[in-house]
Each structure stands twice: as C-alpha cells, then as structure tokens.
Amino acid sequence: MSGIEGATYEVLPSHHSDPFRDQVVRAYEDSAGDWQKVLGEQLHFQWGVFGHPDAPRAVSLDEAGLSYLERQLAIATQDGAGDTTLRRVLDVGCGWGATLRHLAHVFPDCPRVDGMNVSAEQLAHCADLVRDVPRPDRVHLYLCDAADIAELPDPEQPYDLVVARGVITHLPPRVYETAVEALARRMRPGSLLLVSETLYSEDFLAHEPGLPADTDHLALGHRKSLRYLTDVLREGGFRIRDDRVLPSPEDAARWVLELKSNIDVHFPETAHPPLEAIRRMASDLAVALLQRRVSVHSILAERAPV
C-alpha cells in the first residue's frame, strides 16, 4: 500500500508497456494547489453546466462542475443506477477525486466504491479527499492503467455502475479497446457505463494536424470521434442507451475560457507546461466548440446480456 498522511491506495501490477502512460502521468504531476487556482477548490476537471445566463449570481467552476456531474447521474438514475441493490461502483481515471467522493455520498448504501488512476499525485489527493465520506472503508483506490482493469481485485463481485469521465481522451486506441473489453467482463449484464468525453468531428480529425508529443503537455494527442468511441463500446458488448451533447457548446466554451482567465490571473507570465497548454489552446477550442467541430458528449451505455 502507498499513500499520503494516512490515506492509502493499492498499486496493481501492469502487464503491458505503454509509453504514452508516462505522458499522462507527467500532465498531472504538479501540485493540486496550482490546479485549484485554475479549476476551483473541488478540482472538477470535466467541463461544467452553468445554467441560465440570467441567473441572479455568477456560477463558480466548482458549482458548474458539480452541476454537470449531477445531470449525468440523473440520466443514469432514470435507467436504474439509483437502485438500492447497487453493490459495486467504479470510477475509471478518478483524477483528484471529486467525482468519486460524490459517488460515495449519493450512494451511501453501496458497500463498495472503487477508484483507479494512473497518476500517483492525483490518487494521493483523492485518498485524502474521500476520508470524510460515509463509511470511508467502502472506498478502495488503485494505482493502475486502464489497460489493467482486468487486474482489479475481487472479480467475483461485478460492477453495477462504472463512470469514465474524461479518461478516454487520454487513452491510445489499443488501450481504450482493451479497457472496454476488460470492463465488459467485469460488469454484470444490465449494468451501466456513464461516459463524459470530448469528441471531434470527422472533418476536424481529417484537417487538424495531430499534436506533437513534445508539445502535448495535457496528453490529448489521441483524439477520437463519436463514431469510433461508440463503435468500440458496441463491439465490446455494450448498448448505447443515451447520447447527448452535454454541456451545451456555449457552456463548454465558457468553461474553457474561464480556465484561461484563471491562468492569466494567477500565472500572468508563465505556468507549468500543462497549464500553459490550456492557455494556448483555450480560445481556438472555444471557437471549435461553438462551431460544433468539437463537442462534449454524455453517453450512457448498458452492458448487454452475455
């Protein structure tokens, strides 16, 4: 076991070699404090829903991030994720822990809540964050790659709900396909997979050059289309139950521009490479979102019968 200040996680063995994994780790090796200046205290790093523009007060990034997560869970709950028989939940790529912590709170009777991540820096922060959830002993954290989902302990206990918010964007195609196959084997028939992902139009992918490895400080080089992402899910044994653009293009553009504004305020001259990458890409990405060449999708998939 490894951890920080009493909070622990388990390191799982890896049986494959993936150079891009180190690039993902480097993207999040800076302190959580620097990221909080940009993303908000809770570190919701998966877009946000801001609500009506005439709202009586400004919505913070923390509130917008939580609102998006709650909207997604409401969609899943309508399809059974709120069932009291939920026995095991998994957050793939749990980041700094905001989503995992919320899952542990909204499903207090679920006896097992697992989180996995490839970044030890993020996972240590996550481990501290979840210490105040109801019955924190229910939460199990694992340092491992998405390609090693098959190595998660207790395979005889299938997952009833799996959340993958913003992690697929970091996965090379081979790793994504391997992860979907492994998830299908670890989920019970009828269980749900909830995805949030930034996806690119076929036109964008055909005309935009790929990101050179030496400038891809956010590990976003493996861009994916909606068709590819959902084809892999279907071939892996899932049915698409719901697919919608969420947040709206306007909310998504606002979110990324607010990140840029926070970087400009807190790091006016220079920031660590991942934050500088956000500053450089934010304006162009906001335009692409408003042009519908890039979109954020909320996808709910059901594990089909075996």
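What follows is calculated from the coordinates using simple rules that are stated; it is not laboratory data. The structure displayed is predicted, hence computed values, not measured ones. Here the Cβ is made from the backbone with ideal geometry for all residues, glycine too, and neighbour counts use every protein chain on show.
Figures for the structure shown
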{"read-out": "Using alpha carbons only: equivalent-ellipsoid semi-axes of the range 214-306, gyration tensor based, whole Å", "value": "32, 15, 11"}
{"read-out": "Options L259, F238, I278, ranked by Cα towards positive dipole end of the range 223-306, top entry (Cβ charges)", "value": "F238"}
{"read-out": "Segment A213-D243, length gained on full extension (0.36 nm per residue, minus Cα span)", "value": "7.7 nm"}
{"read-out": "Within a Gaussian network of the chain (alpha carbon springs, distance under 10 Å), most fluctuating of M281, M116, M187", "value": "M281"}
{"read-out": "For a label point 7 Å along the Cα-to-beta-carbon line of T85, residues of the range 180-201 with backbone N under 14 Å", "value": "188-192"}
{"read-out": "Where labels lie 7 Å past Cα in the beta-carbon direction, separation of D109 and A74 in nm", "value": "2.3"}
{"read-out": "Residue with peak Gaussian network fluctuation, the chain [Cα springs, cutoff 10 Å], from R239, R174, R131", "value": "R174"}
{"read-out": "Mean projected area in nm² (Cα convex hull; one quarter of hull surface) for the chain", "value": "15.5"}
{"read-out": "Sites V306 and D132 - FRET efficiency at Förster radius 35 Å, r taken between beta-carbons, to 0.05", "value": "0.35"}
